[in-house]
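**Q** The structure's right below; bear with me while I get my questions together.
Just so it is clear, none of the values below were taken in a lab; they were calculated from the coordinates. Computed from a prediction, not measured in an experiment: that's the story for all the values here. For neighbour counting, all protein chains shown are included, and Cβ atoms are generated from backbone atoms with ideal geometry for every residue, glycine included.
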Amino acid sequence: MTGSVDITQFFGVWVSAILTLCIFSFLYKDNPLYKFAEHLFVGISAGYWFCFYFHNHIKPKLFGSLAKIPEDAYYIVYIIPLGLGIMMLLRLVPKLSWMSRWPISFIVGTFAGLNLINYLQSNVLDQIKPTISPVTGFNVDSISNLILAIGVLTGIIYFFFSAEHKGTIGIAAKIGIWFLMVAFGASFGYTVMARISLLIGRMQFLIFDWILYSKNLLSF
Amino acid sequence: MKREIPIIITFVTGILMIIDFFVPHPPFGGLSSLFEIFFTIIFSFATILGILALSKINIEKIYRKRETYGYNIVLLVGLVTMIFCGLVWGIGEKSPFDFLYMNFMMPMQSTMFSLLAFFVASASYRAFRARTPEATLLLIAAFFVMLGRVPLGYQMTKWVPEVFPSWLHFLQLPIIANWIMDFPNTAGQRAIMIGAALGIASTSLRLVLGIESAHIGKE
Amino acid sequence: MDMTKKVLVVFLSIVTLFLGNSAICQDAEIIPVVDETALQDSNLIEEIPLLPQPPGNIYVTDSPNDGGKSLTIKWEKSPDDGDGLNSVVEYEILRAEDMKGPFESIGSTTAGKHEFIDSTCNRKNTYYFKVVAKTPEKFKAESGISEGISPVAQWFDRTRLSMLIAVIIVVSSIGFFLFRAKKEELYIRKIAGLEAIDEAVGRATEMGRSILYIPGIMDMDDIQTIAGIAILGSIAKKTAQYETGLNVPVSRSVVMTACQEIVKESYTNVGHADAYYPEMVRYLTDDQFGFAAGVDGILLREKPAACFYLGKFYAESLILAETGFSIQAIQIAGTAESSQLPFFVTACDYTLIGEELFAASAYLSQDPKMLGSLKGQDIAKAIIIFFITFGIILESFGIHWLSNWL
Amino acid sequence: MSLIEKLKNIDRRIIFLIIGLSVIIPLIVPLNLPISVSPPVQATYDYVESIPEGSTILMAFDYDPGTMPELYPMSIAFMRHCFRKNHKIIAVSIWPFGAPLARDAFNQVGEGEYGKVYGIDFVNLGFVPGDVVAIKALARSFREISPKDVDNKPIESFPIMQGIDNFDNIDFVFELSAGFPGIPEWVMIVYGRHKKPMASGCTAVSYPQYSPYYQSGQLKGLLGGLKAAAEYEVLIGMPEKAVSGMDAQSIAHAVIVFFVIVGNVFYFIDSRKRKKI
């Protein structure tokens, strides 16, 4: 290890470690350290995303496109988002605040149309196709396919709103909810892993990047 | 007029997006990409509203000297510093903005995220109890997958023969776990996906037709 | 001449030829290639077995089902691709807007392929193409020039026919009941999570505590957020009537605006416009975990008696629900995000699963048109069930046309 | 309150403490438990093995430091495999903080371990804003949406980009996804529109949600979480961070399983007692 200590790095590691511990303190109970970290976090992150949107959306997409109008008249369409964006800001003027409904309607309409199509494609058609698998006899593949199909069908029946869950439909809906429960249990079980991984990552930071790093620096 | 025009806008844009999907011919084709860009611009503008509202609440608290107003000052300092750095020096790598992100925001993000390890443990201790048949299924599935996904589970059942008879091989925990993930779990997920898509289609249709217009304050 | 010398001579002649040629072409307008005719003239072709033969029969068509930006270039593989000398490793595609050039490279593809899609065309222009076969040693052989062609835009994307049929089926079944259904004819099953809303609001009122409502963490481009906002409308009416506190932290500014609109409207509708103030809906931050940290703070300090999480959630779902549990709030959640449902199901008192979230606003409003749309969804589900069952039967008997068509 | 009652309603902070310790201790004192490989991971590995040497792979770094513990070891393992097979890698991120993560991975593996050269064997196109729109635009033309690489050099100048401009020129796509926009969006465009083979790495939590894409063949392979990263490390024969973290993972896991069992035992005893009364 060289004699020169990177002050920025040293400072950064210590700040990170202290803030990490402040957030962890929440597990014990609400306390001034957590309150401090929480407020700092909300402030910094709100500022972060504001700048992020400015540099990645407003600047290149809006200003960049408007600047191209002299070369290519097509870019005049970017007047639309500029206008709608300004209407959004008119909320600050109480008398004109109703104008913010226009941009909101634009957003809602656009994504209602888009989602209608996209979800029917990816969540319905693309899911029906792999569910249609052959059941040809008494073997692992066929039985698994059959279970998959039964699960999908009864699961869909569970979501029936206009039929009372009684009789055949009642039984099917019951089996459906069982499949949903198995799915939830499985997802949960799978998640446990990931969550522990995150804690491992954080602990690796505290143990190796902070304590050992500082120890090495001090012992030098 | 304050209500009709927004409903007309929703209708027209919604229909245009559906046409865009099927008609590649200009001016329809590519309209969705363009509108998605418009959306990012509009919500970026709207962020100013959010920032102002956030500042307003906190400034008021400081002004009224609520007992914990020190924390509101912390929040505002964080906000202003970040915006100042971001607008003056940009947000590129090695900028002050990046330094603040990497050493202040990022560790808090990951720590907040890692709290989930603790919450997952307490939730499973409390909630995974065989109270009802449904809860029992949830418990069993979770149990197998939890064990099957770690080396420990593999250790527990690796003595089960791999070759003959083949169905016995199935009793190995990782294989059971994978099977649960691939079949019953996929089935459940798929049912939710299909149902959700129909819910989305129906809601979208109601929005486009102006029957539901919660977004503009009308119920 | 012994073998080694022979090889050496061939090698040297290749090197000089290659160096010379590229040197000449540095100033030329056309991309450097080994001109085959020139080689034949100088009888070098016999001496240089490494030179590939050019691809043949270049043939350009309009790419179907697009907006007129794309052309499909096909060619016959060079005889030295995979066969013959087996020296071709790559084809480069050159394009010009005039038969005389200049030809510019627009992309390449590995050997063995004989098709390239150029998706950077403009309908107003006519294009000419050449395909160049290349060897690892950078030897090139050029095909002839294709006939001029302009891309054409299509009015219907035929690959999306099955999707069009699906959209027509779903939209017409929902649409039919949306307009035809009468309230008295409609039965809608009970949804426990929604029945519990009154209980939750009542409890908060009794305890004199507030209600926390989060319409997810995503923006208005997600229908789940809109569903969450619609439910907020019904809940705000109740809190207005009972004069219970309402606290709506949001993580998107557009959502803040929309939530303010609907809360204000609800308060006005039940005659409590004076009780509404915009800060009921407060923006915290766009950041997922910054938002979670902020909401945790609100939960611990304001101790709401009831928490609603209805919309799109990601990993913060369990952070919120477990903190809510620790303050003994009654919790009602709902999302279509299947990876987060398990956490809500385990940590909350009631959970709306997937489609139930979207049905909620119809259910709460009891508006006949809205309820009719739920009936329409059921018809669509019945059709899907039929399709899957029918498909599995066909498939089991070895008939594949349905799955192929999908 | 009886002992059973007390244990049933145990202060959750005690659970927190036990979990914390069960992660920290194995990190300091490793155990080296063996690891089995699951089919979706094997399938990913096999696919990378099967494509001809020198193919061009598009690697999308769509995650941020928040999910690094899971996805970064995965990126490293996959990258090692690719470079060992002499594949070329084009990295791109539609998540803002993916680009520096890609740079770190290239520095460590590409230049550090395999001596690969920037611009020839790999390139980092950096962050492309616009979510789904960005993917669509990349599919159409790299040069159009991202004319400069992460260091603002024109991508034209790199040999690796010669003749490569859109998804039609790519042999394989590997998407590392921590959420939206992620796997569904990429699948929609890469598989749906361009019919190109694609595999993915995701966090363990989203694995169940995306496994239908693997089941239906839209994904050639799928890596879920740290476990899959550890499996991949084993497959390429280079056990590292993911494998070492697996010990802590296993112990913490066992502790949680133990909690679930204990919780149920107490619940069972308690409910029997109540029946007797």
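**Q** Go through D:85-97, A:161-173 and give me the packing order, highest mean Cβ count within 10 Å leading.
**A** Per-residue Cβ counts within 10 Å, averaged per peptide and sorted highest first, yield D:85-97, A:161-173.
**Q** How crowded by other chains is C:95-105, given as the mean number of beta carbons from other chains within 10 Å of each beta carbon?
**A** Other-chain Cβ atoms within 10 Å of each residue's Cβ, averaged: 0.
**Q** Taking the number of other C-beta atoms within 10 Å as the exposure measure, put B:LEU16, D:LEU58 in order starting with the fewest.
**A** B:LEU16, D:LEU58
**Q** Here is a further query. Using θ = phi - 60° and the Karplus curve 6.51 cos²θ - 1.76 cosθ + 1.60, what whole-Hz ³J(HN,Hα) does each residue of the stretch C:164-171 get, with Gly and Pro shown as x?
**A** With coefficients 6.51, -1.76 and 1.60, one gets 4, 4, 4, 4, 4, 4, 5, 5 Hz.
**Q** Continuing with the same structure: Which whole-Hz ³J(HN,Hα) couplings does the stretch A:151-156 yield from phi under the Karplus relation 6.51 cos²θ - 1.76 cosθ + 1.60, θ = phi - 60°, glycine and proline marked x?
**A** x, 5, 5, 5, x, 5
**Q** Would you look at the GNM of chain A, springs on alpha carbons closer than 10 Å, and say which of A:LYS61, A:LYS95, A:LYS174 moves the most?
**A** Looking only at A:LYS61, A:LYS95, A:LYS174, the biggest GNM fluctuation is shown by A:LYS95.
**Q** By a straight-distance test (C-alpha under 16 Å), which aspartates and glutamates pair with C:LYS312 as possible cross-link partners, with residues fewer than eight away in the same chain excluded?
**A** Once the sequence-local aspartates and glutamates are set aside, what remains near C:LYS312 is C:ASP219, C:ASP221, C:ASP222, C:ASP286, C:ASP287, C:GLU337, C:GLU355, C:GLU356.
**Q** Bin by bin, in steps of 5 Å, what percent of the Cα pairs in chain B do you find, going until the bin that has the longest distance?
**A** Percent of Cα pairs in each bin: 1, 5, 6, 8, 9, 9, 8, 11, 14, 13, 8, 4, 2, 1, 0, 0.
**Q** For the pairs D:LYS116/D:LYS136; C:LYS113/D:LYS85; C:LYS238/D:LYS8; C:LYS190/C:LYS238; D:LYS85/D:LYS241; A:LYS174/B:LYS158, note any where the Cα-Cα span goes beyond 26 Å.
**A** As for pairs spanning more than 26 Å Cα to Cα, those are D:LYS116/D:LYS136; C:LYS238/D:LYS8; A:LYS174/B:LYS158.
**Q** What average number of partner chain Cβ atoms lie no more than 10 Å from the Cβ of the residues making up A:202-211?
**A** 4
**Q** Using a basic spin-label model with each label point 7 Å from the Cα along Cα→Cβ, how many nm lie between C:TYR277 and D:ILE25?
**A** Each label point is offset 7 Å from its Cα along the Cβ direction, giving 5.2 nm.
**Q** Another question, if that's okay. Between B:ILE57 and B:GLN155, what length in nm is gained on full extension when 0.36 nm per residue of separation is reduced by their alpha carbon distance?
**A** 29.7 nm
**Q** A:LYS215 versus C:GLU206, label points 7 Å from Cα toward the beta carbon: distance in nm?
**A** For A:LYS215 paired with C:GLU206, the spin-label model returns 5.6 nm.
**Q** Given the DSSP H assignment, sum -39500 (n - 2.57) over each helix run of at least 4 residues in the protein assembly as shown and divide by its residue total; what's the result at 222 nm in deg cm²/dmol, nearest 500?
**A** Computed ellipticity for the protein assembly as shown at 222 nm equals -18000 deg cm²/dmol.
**Q** Using square roots of five times the C-alpha gyration tensor eigenvalues, list the equivalent-ellipsoid semi-axes of the stretch D:39-239 in whole Å, biggest first.
**A** That gives 22, 19, 16 Å for the three semi-axes.
**Q** Using the alpha-carbon centroid of each, what span in Å lies between the stretch A:149-168 and the stretch C:161-229?
**A** Between the Cα centres of the stretch A:149-168 and the stretch C:161-229 lies a distance of 18 Å.
**Q** Evaluate peptide A:169-181: per residue, the Cβ atoms of other protein chains within 10 Å of its Cβ; return the mean as an integer.
**A** Counting other chains' Cβ atoms within 10 Å and averaging over A:169-181 gives 5.
**Q** For the stretch D:194-210 and the stretch C:341-406, what is the separation of their C-alpha centers, rounded to whole Å?
**A** Centre-to-centre distance over Cα atoms comes out at 24 Å.
**Q** With just the Cα atoms defining each centre, how far is the stretch B:62-98 from the stretch A:1-65? Give it in Å.
**A** Centre-to-centre (Cα) distance: 10 Å.
**Q** Output the pairs from A:LYS35/C:LYS237; B:LYS61/C:LYS303; C:LYS74/D:LYS148; D:LYS88/D:LYS220; D:LYS88/D:LYS148 with a Cα-Cα distance over 21 Å in this structure; if there are none, say none.
**A** A:LYS35/C:LYS237; C:LYS74/D:LYS148
**Q** In what sequence, highest mean first, do C:260-271, B:23-34 appear when ranked by Cβ atoms within 10 angstrom?
**A** Per-residue Cβ counts within 10 Å, averaged per peptide and sorted highest first, yield C:260-271, B:23-34.
**Q** For a quick check, take a GNM of chain D with Cα springs below 10 Å and name the residue from D:TYR191, D:TYR72, D:TYR267 with the largest mean-square fluctuation.
**A** D:TYR267
**Q** Please report the base-10 log of the normalised intensity I(q)/I(0) for chain A, using a Debye sum with one equal scatterer per alpha carbon and no solvent, at each q in 0.18 (1/Å).
**A** The Cα Debye sum returns log10 ratios of -1.26.
**Q** Quick one: grab Rg to one decimal and Dmax as a whole number for the stretch C:186-366, Cα atoms only, in Å.
**A** Both quantities, over Cα of the stretch C:186-366: 14.6, 44 Å.
**Q** The stretch D:95-179: Rg/Rh from Cα coordinates, Kirkwood Rh?
**A** Here Rg/Rh amounts to 0.94.
**Q** Separate question: Search the structure for amide H atoms under 5 Å from the amide H of C:ALA333, placed 1.01 Å from N in the peptide plane, and list their residues when 5 or more places away or on another chain.
**A** Those qualifying (amide H under 5 Å, at least 5 residues apart or on another chain) are C:TYR309, C:TYR350, C:THR351, C:LEU352.
**Q** Cross-link partners among aspartates and glutamates for C:LYS140, C-alpha distance below 13 Å, same-chain residues fewer than 8 apart left out?
**A** Leaving aside aspartates and glutamates fewer than 8 places away in the same chain, those within reach of C:LYS140 are C:ASP35, C:GLU36, C:ASP80, C:ASP81, C:GLU90, C:GLU92.
**Q** By per-residue mean of other Cβ atoms within 10 Å, what is the highest-first order of A:180-186, B:53-59?
**A** Final packing ranking: A:180-186, B:53-59.
**Q** Given H placed on each backbone N at 1.01 Å, which residues far from D:ASN124 in sequence or on other chains put an amide H within less than 5 Å of it?
**A** Answer set, sorted by chain and number: D:ALA91, D:VAL150.
**Q** Continuing with this model, one more query. For chain C, set up a GNM with springs between Cα atoms under 10 Å and report which of C:LEU194, C:LEU71, C:LEU352 has the largest fluctuation.
**A** Maximum among the listed residues: C:LEU71.
**Q** Cα atoms only: what Rg and Dmax, in Å, come out for the protein assembly as shown?
**A** Cα radius of gyration and Dmax of the protein assembly as shown are 30.6, 111 Å respectively.
**Q** Please list log₁₀ I(q)/I(0) at q = 0.15, 0.21, 0.22 Å⁻¹ for the stretch B:1-89, using the Debye equation with identical point scatterers on the alpha-carbon positions.
**A** At q = 0.15, 0.21, 0.22 Å⁻¹ the computed log10 ratios are -0.76, -1.01, -1.06.
**Q** Still on this structure, I have one more. Return D:GLU233, A:GLU71 ranked ascending by Cβ neighbour count within 10 Å, so the fewest neighbours appear first.
**A** A:GLU71, D:GLU233
**Q** Then there's this: With θ taken as phi - 60° and the coefficients 6.51, -1.76 and 1.60, list the Karplus ³J(HN,Hα) couplings across the stretch D:30-41 in order, rounded to whole Hz; mark glycine and proline as x.
**A** Running phi through 6.51 cos²θ - 1.76 cosθ + 1.60 with θ = phi - 60° gives x, 10, 6, 7, x, 10, 9, 9, 8, x, x, 6 Hz.
**Q** Under a crude label model (7 Å from the Cα following the beta-carbon direction), how far is A:LYS68 from A:VAL93 in nanometres?
**A** Reported label-point gap for A:LYS68 and A:VAL93 is 3.1 nm.
**Q** For a footprinting-style exposure proxy, rank D:GLU185, C:GLU199 by other Cβ within 10 Å, fewest first.
**A** C:GLU199, D:GLU185
**Q** Here is a further query. Provide the net charge surrounding D:LEU219, with neighbours chosen by a C-beta distance below 14 Å and charges set as Lys +1, Arg +1, Asp -1, Glu -1.
**A** Its environment carries a net charge of -2.
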